[in-house]
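Contents: one structure, followed by commentary.
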Amino acid sequence: MSESDDPSYDDESYDATARIVDPGGHPADEDRRFEAALRPRRLADFPGQPRVRDQLGLLLEAARRRGAPPDHVLLSGPPGLGKTSLAMIIAAELEQPIRITSGPAIQHAGDLAAVLSSLAEGEVLFLDEIHRMARPAEEMLYLAMEDFRVDIIVGKGPGATAIPLELPAFTVVGATTRAGLLPAPLRDRFGFTGHLDFYATADLAQILTRNATLLGVESTPQGIDEMAGRSRGTPRIANRLLRRVRDYAQVQGNGIVDLSAARAALRLFDVDDRGLDRLDRAVLDALCRRFGGGPVGLSTLAVAVGEEADTVETVAEPYLVREGYLVRTPRGRAASPMAWAHLGLTPPTPSAAGTQLGFGDIEGRFGDSRSDTD
């Protein structure tokens, strides 16, 4: 390996991105380079998530001292919280290459067998959205993770023969946004499970300050805090807002990401002071203005805002529920008093709301035991 190909840094950290074997399934090259440039390279530099960081640090240090690959790792949590970054850090801390693929890309057992059979000793296999793997591939992965071998089926019918293929020891890092969809046998193969929570505003401000420096963007603490407060506790959203505010400051401002530039840019891109975007406000507006606060079924609500039901449920709803704007009831979605206040509206009295929607009283609106089938 030439000096220019050396994946180590002056601070003795290790760059896993220099040895990615299969970057398939990732976004466009420009976006990948942008994300890779901002990713922390060491576990000690990873901001936020202190419990998961400390647990992973112990796991990796113990593996290094034993001179063996660590247990398989499952990372769960909402999108954009750093699961991919942690997978890259795990490979970097182990000084091993990382092979990246995703659950949707593995729809047949043969697809997984091709990946597993090409792994090197100690290599890290990162499976993003692992809950979306096909069932035959999941069953093959059970055996590979536990016994480091796979059975290749040759032929069909009564004449089919299973040929065992031994695999070198490797580490699977799985990432999922819906851990409950993983079958129990697969979940049990992971020796460590880490759940990533949303970030505090102070942690997001630290991330934005670091990334602004890496991007060569001049910023002020007030501008950084404004973006951090509207990032919904998610680093990916924080980085996206940083890019848009940087663009605004370069085109419409003086090139500095300050408070006025941040506010003007976020107003232009429909991000309000609580981090709600156009879709979030459309959902709340439909609930309050069209349906009197609800409850209303998910599909009806999706039609009202002109989106697919899955989009409303997976994109808008988690943050609205977490922040207390939206309530999921047995009869559907309902707006909380916070939603009315955020839109500058006065909530109806319980009797008026019940009359408008055809329910007897406020308790009846939320107390029906029927499931939301709409």
Residue count, the stretch 53-80 (criterion: within 15 Å of the chain's Cα centre (by Cα) and within 26 Å of PRO185 (Cα to Cα)): 6
Within the stretch 96-123, considering residues that are in contact with a Lys or Arg (Cβ under 9 Å, 6 or more places away or on another chain) and more than 21 Å from ASP151 (Cα to Cα), the one surrounded by the fewest Cβ atoms within 10 Å (Cβ to Cβ): PRO104
Residue ID - surrounded by the fewest Cβ atoms within 10 Å (Cβ to Cβ), chosen from residues in the stretch 221-261 that are among the hydrophobic types (A, V, I, L, M, F, W, C) and farther than 24 Å from SER85 by Cα: VAL251
Conditions (1) surrounded by 14 or more Cβ atoms within 10 Å (Cβ to Cβ); (2) assigned by TED's automatic domain parsing to the domain that holds PRO40; (3) outside any strand (DSSP E or B): number failed by ASN211: (2)
Elements of type helices (runs of 4 or more DSSP H) contained in the stretch 229-297, each with 2 or more residues being among the basic types (Lys, Arg) and farther than 25 Å from LEU215 by Cα: 278-285
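Here is a yes/no grid of residues against (1) surrounded by 15 or more Cβ atoms within 10 Å (Cβ to Cβ); (2) in contact (Cβ under 8 Å) with a residue 60 or more places away in the chain; (3) assigned by TED's automatic domain parsing to the domain that holds ARG230; (4) closer than 24 Å to THR177 by Cβ:
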site: ALA282; (1), (2), (3), (4): yes, no, no, yes
site: ASP285; (1), (2), (3), (4): yes, no, no, no
site: GLY293; (1), (2), (3), (4): yes, yes, no, no
site: VAL315; (1), (2), (3), (4): yes, no, no, yes
site: ARG333; (1), (2), (3), (4): yes, no, no, yes
site: GLY344; (1), (2), (3), (4): no, no, no, no
Scan of the stretch 90-107 for residues that are β-branched (Val, Ile, Thr) and either without any contact (Cβ under 8 Å) to a residue 12 or more places away in the chain or in a helix (DSSP H, G or I) (or both), ordered by number: ILE90
Residue satisfying all of: in the stretch 317-331; free of Cβ contacts under 8 Å to residues at least 40 places away in the same chain and part of a helix (DSSP H, G or I); farthest from the chain's Cα centre (by Cα) among these: VAL321
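Looking at the structure I just gave you, is ALA264 farther than 24 Å from MET88 by Cα, surrounded by fewer than 19 Cβ atoms within 10 Å (Cβ to Cβ) and in the same structural domain as LEU60 (by TED's automatic domain parsing)?
no
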In the stretch 115-140, residue farthest from ARG187 (Cα to Cα) [restricted to those that are assigned to a loop (DSSP other than H, G, I, E, B) and of a type in the set (A, V, I, L, M, F, W, C)]: ALA120
Breaking point among (1) at pLDDT 85 or above; (2) surrounded by 19 or more Cβ atoms within 10 Å (Cβ to Cβ); (3) within 20 Å of GLU146 (Cα to Cα), for ASP71: (2)
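The values are calculated or read from the model by the stated rules, or taken from the named source; none is laboratory data. All values reported here derive from a predicted model rather than from experimental measurement. For neighbour counting, all protein chains shown are included, and Cβ atoms are generated from backbone atoms with ideal geometry for every residue, glycine included.
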